[in-house]
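Heads up: the structure comes next, in C-alpha cells.
Here, each number is a calculation from the coordinates, and none is a lab measurement. These figures come from a predicted structure and were not determined experimentally. Note that we place each Cβ from the backbone using ideal geometry, even for glycine, and neighbour counts take in every protein chain shown.
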Amino acid sequence: MQKEKVVVICGPTASGKTALSIELAKKIDGEIVSCDSMQIYKDMNIGTAKPTTSEMQGIKHYLLDYISPDERYSVADYKQDAKKAIREIIKKGRTPIIVGGTGLYIDSLIYEIEYPNIEFDEKYREKLEKQVKEEGLEKLYENAKEIDSKAMEKISKNDKKRILRILEIYHATGKNKTEQEKESRKKEVEYDYKVYALNWDKDQLYERINKRVDIMIRQGLIDEVKAIYKKYDKFPTAMQGLGYKEVVEYLENKTTKEDMIEKIKRETRRYAKRQLTWFRKNKQTIWLNAQEEIQNNIKIILEDLN
C-alpha cells in the first residue's frame, strides 16, 4: 500500500521557512504542523519569531501556542501530537507540511524514533543544577560524553538543556539516548516524508540573524519577557530558550542591554550552525538554495512530489 506523503521544510533559524511553507501550502492545499520547540509555548511570540495571523494568510497551523510556558513538553509528547495533527490533515484530504528547525522533533517523525517519556525527577535535576553552579557546566559535559559520546557530537559545550537531558535519560532508564534511538528505529516509518532544507551562504544567513534580533528588540522582546515573568510562577524549560535566557540575565542586572543584544546574536548564529550540521546528517534531505525566488523552490518541490 502506498504511504501518504508528508512534506517537511526545515533549515536553520531565520532562513525563510515560514514564507516558503505558506506559499507551498497555498499551492498544494496544505496545512502546517509547527516543528519548533519554542513556538509551541503560549505568550512567547516575539523571541520565537512565531508567524502572525496575517503572515499565516489563512493557512491553518497546528502546535503553535499549544502549551503554557510553565508546562513540561517532551519529544515523545511532540511526536504524539504531531502524528495526531498529520492524521487530521490527511483525513481532510489535504497535505501535511511539517515546518521548523528543531532537529530532534523532525527526526522523531522521519525516522519513527520512540523517545521514552521519562518521568521528571526533580531531586536529580536539582542535584545537576547544584553541580553546574559548584563545578561548572564543562564537568557535566564531560560526564555526558562518557555516557553517550555519539549523542554529544551534536551538542555544544554550553548547551545546558541538552547536556542535562542526556544525563537525565541515562539516570532514568539505565540506557543512553543513542542506544534507545537505535532500538526504536526498527519500527517502520508510517508516512512517505519528503524532506527539504533551506541553505544559505553563511555570511548572508548571519546578516539575516543579526537583523532579526534587532527587529525583535524593537518589537518589544524585553517587555514580552517581563509579561511572562509576571504571569507565570515557574519556567521549567521555556526560559532556557534562546533570546529569553539572555533577556532574563539583563533584567537581573547581570549584563548591559548592548551586551545582551550581542549575546543573542552570537548564540543564535552558533545555533544556526548547529542546525545546519544536524540537518546535513539526514541523507534524504533535498537542499534548496534559499537565495532563489520562493516560486522557484516551490517548483522544485512540486516536481519532486509528482
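General observations
- Amide H partners (placed H, <5 Å) of Thr102, local residues excluded: Ser37
- Largest first, the three principal axis extents of the alpha carbons in region 1-59 are 42, 22, 21 Å in whole numbers.
- Centroid-to-centroid, using Cα positions, region 26-86 and region 230-263 are 22 Å apart.
- Counting beta carbons within 10 Å around each of Ile98, Ile155 and listing the fewest first gives the order Ile155, Ile98.
- Region 220-306, dipole about Cα centre (Lys/Arg Cβ +1, Asp/Glu Cβ -1), debye to the nearest 20: 420
- Percentage relative contact order, region 122-183, counting C-alpha pairs under 8 Å, at least six apart: 31
- Computed from point charges on the beta carbon alone (+1 for Lys and Arg, -1 for Asp and Glu), the dipole magnitude for region 79-212 about its Cα centre is near 520 Debye.
- Exposure proxy for Trp278, Trp287: other Cβ atoms within 10 Å of each Cβ, ordered fewest to most, give Trp287, Trp278.
- Checking every one of the GluC sites (Glu not before Pro) in region 1-53 against DSSP loop status and a limit of 16 other Cβ atoms within 10 Å picks out Glu4.
- Most positive-pole-ward Cα, Gln80, Val248, Ile46, against dipole of the chain from beta carbon charges: Gln80
- The distance linking region 290-304 with region 120-140 is 46 Å (Cα centroid to Cα centroid, whole angstrom).
- Residues whose amide H lies under 5 Å from that of Val33, counting only those 5 or more places away or on a different chain, are Tyr62, Ile97, Ile98, Val99; hydrogens are built 1.01 Å from N in the peptide plane.
- A Cβ-based charge dipole, computed about the Cα centre of the chain with Lys and Arg at +1 and Asp and Glu at -1, lands at about 260 debye.
- Restraint check, Lys145/Lys254; Lys177/Lys257; Lys130/Lys175, Cα-Cα greater than 27 Å: Lys145/Lys254; Lys177/Lys257
- Across the chain, C-alpha contacts under 8 Å between residues 6 or more apart give a mean separation that, scaled by the residue count, equals a relative contact order of 28 percent.
- Burial ordering of Val7, Val189, fewest other beta-carbon atoms within 10 Å first: Val189, Val7
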